[in-house]
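So the structure is just underneath, and the comments pick up after that.
No lab work stands behind these numbers, since they all come straight from the coordinates. If you're wondering where the values come from, they're calculated on a predicted model, not measured in any experiment. For neighbour counting, all protein chains shown are included, and Cβ atoms are generated from backbone atoms with ideal geometry for every residue, glycine included.
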């Protein structure tokens, strides 16, 4: 007998309970690790209050500034500013439309100041109307309005020309004594430096995550400092960092990884650097903005220092953990495990099978908890919610079908074959999306590992005699599916495998495991039933 066969049979002797328990232990450790507080850089308490924070009130369900008839209630604005006033005495707005012209009046009540934004878009008539209202508010509240921002990233979006921006700034300058500025990413200020002559201060956006070459968190503050140093040699008028920050959720770009810990790490490091250098700044942003996910993917909705419930997402002192679920996921896992084991007792199953039921239920509960959380973060609309939810249900179904194998029950081969194919299609569609339009798409790792590990456990716990007669009835279709998956995986490798992007490499591993596990499992089932 060859050594390979001996090794293979030694694996088959290990019951599914062992592998399922090992996977459960790994899952528990993963959740526990995310909950562990991490000591981070400390900043002195005198960095508070923050100099200024971007304020957009569109954090409630259904609120979206791109919907023309959206209107923000003055009561909400006052409630928002009251919460924000605990961390800063200044807010930057981006428009005076949709009820936001009330912000200066509300800010005055709380002793706050406003960097007032006038939105400049495609239509000149709309822009003039916006500017007129903004100027009227600036002139009415000169002690509250610290500055007027005429346009935000207009040149970046290509909605107006440099010449037209000169005209808008000159027009506003003639009608107000409030300091004027224009805001854009720092590269576009370097591209259009003549705008400096129209403004009282230069407002630049420095967002290390969104750079064309994204910057890792450990270099992000240094990058900001380098940009500010360079801009200081180009412009003579005062520089203000109009936007800077870090996202707490979303897709990793190269080495730039969104996370709660990284957001805190950047904000603390930036505040320390700002104190040392004397930078004038505005943090983006006050509240998470779920509507931005439609434009920028998951990451767009999670730049806030408050969540969409107006609760602070982190402190500026003390350790920080990635998750703060407490005992909730473990309690859910224990309840489901106890229920599954209780069902096994009711059915008078052997102790090993009752234990297996409990272990699988606990694993499903922990993964399900993380999967539901992921869908809430990533699903931007009903279609994506249904698609991601369906993928989760499909994965759970595959695991439960594997459980039938492990318990010695009759397999439902036809159903399992269909579900395997659907799972393969799901992986293909996801990989193709990541390859060809992946800038704003996440890597759904947490939705994929559970069914793949379940299938892998089935493969290594089925004895050789049970699969020896497997035919090649399904090898044709699976050969095609495997090649498509392989092509998609290679596309991801070519188009999306950014150096240092560990998440992308994990997704590559998921696809690699699928290339082996899915056709192998299909062939294992082939001799039991034909499902054409």
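Just check the stretch 47-301 against the gyration tensor rule for me: Cα atoms, a ≥ b ≥ c as the square roots of the eigenvalues, rounded for a/c under 1.5, and otherwise prolate or oblate depending on whether a/b exceeds b/c. Rounded, because the longest to shortest axis ratio a/c is under 1.5. The stretch 403-432 and the stretch 59-75 have Cα centres lying 43 Å from one another. How would you classify the stretch 60-144 from its alpha-carbon gyration tensor, with a ≥ b ≥ c the square roots of the eigenvalues: rounded for a/c under 1.5, else prolate if a/b is greater than b/c, otherwise oblate? It comes out oblate by the Cα gyration axes. Once both axes come from the Cα atoms, what is the angle between helix 445-461 and the longest principal axis of the chain, in degrees from 0 to 90, rounded to 10? Here the helix axis deviates by roughly 10 degrees. Computed from label points 7 Å out along Cα-Cβ, the spacing between residue 254 and residue 159 is 2.8 nm. On the basis of the beta-carbon distance and an R0 of 60 Å, residue 414 and residue 197 show a calculated FRET efficiency of 0.20. Distance from the C-alpha centroid of the stretch 177-218 to that of the stretch 117-133: 20 Å, rounded to the whole angstrom.
Could you tell me the calculated FRET efficiency between residue 400 and residue 505, based on Cβ-Cβ distance and R0 = 25 angstrom, to the nearest 0.05? Calculated transfer efficiency: 0.25. Take the Cα of residue 277, step 7 Å toward its Cβ, do the same at residue 86, and the gap between the two points is 3.0 nm. Modelled this way, with points 7 Å down the Cα-to-C-beta line, the labels at residue 352 and residue 109 are 7.0 nm from one another.
With a cut-off of 15 Å on the backbone N, no residue of the stretch 15-36 is near the modelled label site 7 Å out from residue 327 along Cα-Cβ. The C-alpha atoms of the chain define a longest principal axis, and helix 260-277 lies at about 30 degrees to it. Normalising the average separation of contacting C-alpha pairs (under 8 angstrom, six or more residues apart) by the number of residues puts the relative contact order of the stretch 47-301 at 18 percent. What angle do you read, to the nearest 10 degrees and between 0 and 90, between the alpha-carbon axis of helix 328-346 and the longest principal axis of the chain? Roughly 20 degrees, rounded to the nearest 10. Legend: calculated FRET efficiency, residue 381 to residue 22, from the Cβ-Cβ distance at R0 = 41 Å, rounded to 0.05, equals 0.60.
Taking a ≥ b ≥ c as the square roots of the Cα gyration tensor eigenvalues, with a/c under 1.5 meaning rounded and otherwise prolate when a/b beats b/c, else oblate, which class fits the stretch 333-475? Verdict is oblate for the stretch 333-475.
Spatial offset of the stretch 229-283 relative to the stretch 333-367 amounts to 49 Å, using the alpha carbon center of each.
Once the Cα-Cα distance is subtracted from the 0.36 nm per residue extended length, the residue 345 to residue 71 segment shows a gain of 92.8 nm. Structural descriptor for the chain: relative contact order 15 percent, calculated from alpha carbon pairs under 8 angstrom and at least 6 residues apart.
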